[in-house]
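Asker: Dropping a structure here in structure tokens format, bear with me for questions.
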Amino acid sequence: MPERVTFTPARAEDVPAIVALLRDDPLGAGRESGDDITPYLAAFEAIDEDPGELLMVGRRGGRVIATFQLSFVPGLSRSGATRAQIEAVRVHADERGNGVGADLMAWAEEETRRRGCALLQLTSDATRGDAHRFYERLGYAPSHVGFKKRLD
């Protein structure tokens, strides 16, 4: 039986492995660059210093095999509830189908409950049919339509 995956806050030395996970994806391959790690390290520092952000990695045998970011968003709606947003969910290609994604989401749900969040929300690119089915199997409902606008 493979060693259990552990989820821990990301460290600066994890950034190259996180970028590799982001790039190992049809969408990420076109928008992520591994040539210069500097902007990723700057982003890591900003995330790491913000108490409303949590960048996590999943490790098996010391190797980074998964990542995700949780953002905690206080709001006035839902009677002043805090919600969590999960982004950049990635599992290494050779670990998919092994329960790592489900374990990752269970960990994220537990952490958001621990922090008193009323809900955990996510967006997923419209082209990611497999991901949509995965999230629906976990009980997530496609209840909203998301919009994005590039600002560059």
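Asker: Where only protein heavy atoms count, and the probe is 1.4 Å, what is the accessible area per residue for the chain in Å²?
Answerer: 64
Asker: Which one, 67, 123, 38, has the greatest fluctuation when you compute a Gaussian network model over the chain with C-alpha springs under 10 angstrom?
Answerer: Comparing 67, 123, 38 in the GNM, the peak value goes to 38.
Asker: In deg cm²/dmol and to the nearest 500, what is the mean residue ellipticity at 222 nm of the chain if only DSSP H runs of at least 4 residues count, each as -39500 (n - 2.57), divided by the residue total?
Answerer: The helix contribution divided over the chain gives -10500 deg cm²/dmol.
Asker: In a shell of Cβ-Cβ distance under 11 Å around residue 12, excluding residue 12 itself, what net charge do Lys and Arg (+1) and Asp and Glu (-1) give?
Answerer: Net of charged neighbours comes to -3.
Asker: Here's a follow-up. Which one, 126, 101, 142, is farthest towards the positive end of the dipole of the range 92-146 when Lys and Arg carry +1 and Asp and Glu -1 on their Cβ?
Answerer: 142
Asker: A follow-up question, please. Please list, in order along the range 100-110, the HN-Hα scalar couplings obtained from phi with the Karplus expression 6.51 cos²θ - 1.76 cosθ + 1.60 (θ = phi - 60°), rounded to whole Hz, x for Gly and Pro.
Answerer: 5, x, 5, 5, 4, 5, 5, 4, 4, 4, 4
Asker: State the percentage of accessible surface on the chain attributable to carbon and sulfur atoms; use a 1.4 Å probe and exclude ligands, DNA and RNA.
Answerer: Result for the chain: 53 percent of the exposed heavy-atom area is carbon or sulfur.
Asker: Which residue fluctuates the most in the chain, going by a Gaussian network model with Cα springs under 10 Å, if the choices are 122, 55, 21?
Answerer: 122
Asker: Residue 6 accessible area, nearest 10 Å², 1.4 Å probe?
Answerer: 70
Asker: Could you work out the relative contact order of the chain, using alpha carbon pairs under 8 angstrom and six or more residues apart, expressed as a whole percent? Provide the component values of the computation, followed by the final result.
Answerer: On the way: 180 pairs, mean separation 27.9, N = 152.
Result for the chain is 18 percent.
Asker: Let me know the shape class of the range 1-68, please: from the alpha-carbon gyration tensor, a ≥ b ≥ c as square roots of the eigenvalues, rounded when a/c is under 1.5, otherwise prolate if a/b is greater than b/c, or oblate.
Answerer: The shape class here is oblate.
Asker: Same structure, new question: Any idea how far the Cα center of the range 7-43 sits from the one of the range 118-152, in Å?
Answerer: The two parts, judged by their Cα centres, are 21 Å apart.
Asker: I need the phi-derived Karplus couplings for the range 34-40: 6.51 cos²θ - 1.76 cosθ + 1.60, θ = phi - 60°, integer Hz, Gly and Pro marked x.
Answerer: Coupling constants for the range 34-40: x, 5, 10, 7, 3, x, 5 Hz.
Asker: Right, next: Who wins for biggest fluctuation among 103, 125, 48 in a Gaussian network model of the chain, springs between alpha carbons below 10 Å?
Answerer: It is 125.
Asker: Can you give the alpha-carbon Rg of the chain over 2.2 N^0.38 Å, where N counts its residues?
Answerer: After normalising by residue count via 2.2 N^0.38 Å, the value is 1.05.
The values are calculated or read from the model by the stated rules, or taken from the named source; none is laboratory data. Quantities reported herein were computed from a predicted structural model and do not represent experimental measurements. Positions of Cβ are generated from backbone atoms using ideal geometry, with glycine treated the same way; all protein chains shown enter the neighbour counts. To get the accessible areas, we keep the full protein, side chains included, count just its heavy atoms, and leave off ligands, DNA and RNA. Shrake-Rupley method; radii C 1.70, N 1.55, O 1.52, S 1.80 Å.
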